[in-house]
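The values are calculated or read from the model by the stated rules, or taken from the named source; none is laboratory data. On a predicted model such as this, the values are computed, not experimentally measured, just so you know. Counting neighbours? That spans all protein chains shown, and the Cβs are built from the backbone with ideal geometry, glycine included.
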Amino acid sequence: MSAANVLPRRRRALARARGAAHQAAASVLPRRGRTLAQARDTTDLGAITTRAPEASRADLLRLGIEPRGIDAIWRAVEAFFRTGFHPAISLCIRRHGEVILDRAIGHAEGTGPDDAPGAPRRLATPDTPYCLFSASKAITAVLIHHLDDQGLLHIDDRVADYLPEFACHGKETTTLRHVLTHRAGIPSIAGPEDVDRAALLLDWDQVVARLCAARPDWPPGRRLAYHAVTGGFILGEVVRRVTGKGIREVLAEQLLDPLGFAAMNYGLPPQQRARIARNAFTGRPAPFPFSRIVRRALGVPFREATRISNDPRWLEAVVPSGNICATANEASRFYQLLLNEGELDGVRVLDPRTVRRARTETAYLELDLTLGLPLRYGLGFMLGAPRLSLYGPGTPQAFGHMGFIENVTWADPQRQIAVALLNSGKPFLGAHLLRLRGVVAAIARHCPVVR
């Protein structure tokens with residue numbers, strides 16, 4: 001038998017083996033497999049991509065952006081989508097205040113791994129809101145700094161000056177600054193393991209009472225440990241005590257309404273909830289010891305956190321550290337406000353020093369004991385860095401925040417860009433992180449530093 005006849009047979013045998021391997025993998029990981037198939041089998045991504053108005057070619061060149069650079073950024077987003085871990089992705093970028101990219105890809109509902117085959121699909125568009133999760137922290141922090149400038153509170157005051165019941169078990173000297181910088185020593189909500197954590201997270205008074213009664217893990221100011229949920233409730237209760245209003249109302253009155261934001265706030269109004277992108281747990285469960293870290297930080301397992309985020313009660317509740325909902329355009333617009341140091345569309349709502357103070361560095365690549373990573377923090381923001389940066393290489397002046405688990409919102413004064421990258425998939429560690437890195441790197445590369 002000739003080599004020419006043997007070779008095709010071998011190829012056919014290899015193809016059959018690969019097919020069997022793919023079928024076996026699909027049976028072992030059916031949830032992840034369906035998500036991967038939805039992305040990889042869609043060869044015409046244009047059919048599931050929608051765009052809002054963007055800068056023209058001439059305007060891009062005027063803004064110092066090569067049109068092919070925008071194409072390269074979007075190709076990176078498509079590669080991120082093709083990993084299959086995100087049913088929907090939206091990206092909005094402003095340069096010098098002008099929208100240079102505002103697009104969505106995928107489906108806001110109907111293609112998640114838990115959706116039934118043949119479930120109705122709802123296309124994601126630039127008007128689709130997402131939950132920002134922890135990216136909400138930066139917005140809450142800006143409001144706290146704003147109230148400081150108004151003299152309603154002071155960030156170096158003790159929490160107990162506003163919440164007297166907080167002054168116990170060594171927390172007497174904890175300041176608002178400690179809370180803003182994740183150094184308050186209470187990174188998780190204390191309580192028995194059998195407590196219904198989902199119900200607890202949505203019960204404002206009970207969470208505040210538990211935090212006030214909590215014993216800190218270490219003295220305030222001593223250690224850096226990301227407060228995934230707890231800090232926002234403390235800050236929100238302080239806002240309620242000093243203004244007599246809920247933080248949702250104060251955020252709207254002080255910052256959002258004067259600037260004409262449509263719906264960006266904690267949760268969503270009932271009439272807009274049907275538009276939100278449904279979150280999907282994708283990939284594999286967090287392995288030990290990461291599973292313990294996640295549960296400690298969030299108060300619930302990874303999968304349960306995703307389920308809670310789709311609960312209508314989550315959109316009714318106020319969780320200052322984690323449930324602001326917005327479109328990518330709205331989130332980008334908020335960061336444009338910060339790039340402009342408090343003024344947007346001719347309306348000033350913040351003093352320039354408010355933004356400058358919030359960006360002040362408080363930790364330089366210090367090991368975060370909750371996340372297990374070296375990070376730079378400001379007074380409410382995660383800061384960029386020359387190399388190890390959340391916002392791409394060469395972004396030392398960038399500031400913003402990540403959100404569970406791959407939402408990224410930021411501004412970069414050197415490049416004069418305001419960016420929001422939002423998505424609905426909730427995977428844990430995996431190859432998709434490399435594609436996410438590719439997106440932020442492409443944005444840094446193709447939005448050059450302004451000279």
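In table form, for the structure just shown:
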| item | result |
| --- | --- |
| Residue check for His169: farther than 30 Å from Ile48 by Cβ and not in a loop (DSSP other than H, G, I, E, B) | no |
| Every pair of residues 6+ apart whose Cβ atoms lie under 7 Å, when the first sits in the stretch 424-451 and is surrounded by 14 or more Cβ atoms within 10 Å (Cβ to Cβ) and aromatic (Phe, Trp, Tyr) while the second is at pLDDT below 90 and not in a helix (DSSP H, G or I) | Phe428/Gly283; Phe428/Arg284; Phe428/Ala286 |
| Selection within the stretch 351-377 - within 18 Å of the chain's Cα centre (by Cα) and without any contact (Cβ under 8 Å) to a residue 12 or more places away in the chain | Leu373 |
| Hits in the stretch 54-67 - residues which are touching a residue at least 12 places away in the same chain (Cβ under 8 Å) and surrounded by fewer than 24 Cβ atoms within 10 Å (Cβ to Cβ) | Glu54, Ala55, Asp59, Leu60, Leu63, Gly64, Glu66 |
| Pair list, Cβ under 7 Å, 6 or more apart: the stretch 165-191 residue within 14 Å of Ala209 (Cβ to Cβ) and acidic (Asp, Glu), other residue surrounded by fewer than 24 Cβ atoms within 10 Å (Cβ to Cβ) and at pLDDT 95 or above | Glu165/Cys212 |
| Those residues of the stretch 363-384 which are part of a loop (DSSP other than H, G, I, E, B) and at pLDDT below 95, in sequence order | Asp368, Leu369, Thr370, Leu371, Gly372, Leu373 |
| Of the criteria (1) surrounded by 21 or more Cβ atoms within 10 Å (Cβ to Cβ); (2) in a loop (DSSP other than H, G, I, E, B), which one Lys137 fails | (2) |
| In the stretch 104-130, residue surrounded by the fewest Cβ atoms within 10 Å (Cβ to Cβ) [restricted to those that are within 19 Å of Thr49 (Cβ to Cβ) and either without any contact (Cβ under 8 Å) to a residue 12 or more places away in the chain or among the small types (Gly, Ala, Ser) (or both)] | Gly110 |
| Any hit, the stretch 325-348, residues being surrounded by fewer than 21 Cβ atoms within 10 Å (Cβ to Cβ), at pLDDT below 95 and of a type outside the set (Lys, Arg) | no |
| Test for Leu337: is it more than 26 Å from Trp218 (Cβ to Cβ), assigned to a helix (DSSP H, G or I) and not β-branched (Val, Ile, Thr) | yes |
| Failed item in (1) basic (Lys, Arg); (2) at pLDDT below 95; (3) under 19 Å from Ala141 (Cβ atoms), with Arg210 passing the rest | (3) |
| Checklist (1) touching a residue at least 60 places away in the same chain (Cβ under 8 Å); (2) outside any strand (DSSP E or B); (3) closer than 19 Å to Cys131 by Cβ applied to Tyr266, failing item | (2) |
| Gly394 vs. criteria without any contact (Cβ under 8 Å) to a residue 60 or more places away in the chain, more than 23 Å from Thr327 (Cβ to Cβ) and in the same structural domain as Phe281 (by TED's automatic domain parsing) | yes |
| Pairs, first more than 13 Å from Val239 (Cα to Cα) and without any contact (Cβ under 8 Å) to a residue 40 or more places away in the chain in the stretch 151-164, second part of a strand (DSSP E or B) and of a type in the set (Val, Ile, Thr), C-beta under 7 Å, six or more apart | Asp156/Thr175; Asp157/Thr175; Arg158/Thr175 |
| Among the candidates Gly84, Gly118, residue that is small (Gly, Ala, Ser), part of a loop (DSSP other than H, G, I, E, B) and over 25 Å from Gly430 (Cβ atoms) | Gly118 |
| Qualifying positions in the stretch 397-451 - out of contact with any strand residue (DSSP E or B) (no Cβ under 6 Å at 6 or more places or on another chain), part of a loop (DSSP other than H, G, I, E, B) and among the small types (Gly, Ala, Ser) | Gly430, Ala431 |
| Subset of the stretch 240-293 that is over 21 Å from Arg333 (Cβ atoms) and among the polar types (S, T, N, Q) - its residue that is farthest from the chain's Cα centre (by Cα) | Thr243 |
| Condition check for Ala385: in the same structural domain as Leu235 (by TED's automatic domain parsing) and touching a Ser or Thr at 6+ places or on another chain (Cβ under 8 Å) | yes |
| Qualifying positions in the stretch 74-83 - in contact (Cβ under 8 Å) with a residue 60 or more places away in the chain and buried (at least 24 other Cβ atoms within 10 Å of the Cβ) | Val77, Phe80 |
| Search result, residues across the stretch 349-386 that are of a type in the set (D, E, K, R) and over 18 Å from Pro413 (Cβ atoms) | Glu366, Asp368 |
| Residue match in the stretch 97-110 (condition: touching a helix residue (DSSP H, G or I) at 6+ places or on another chain (Cβ under 9 Å) and at pLDDT below 95) | no |
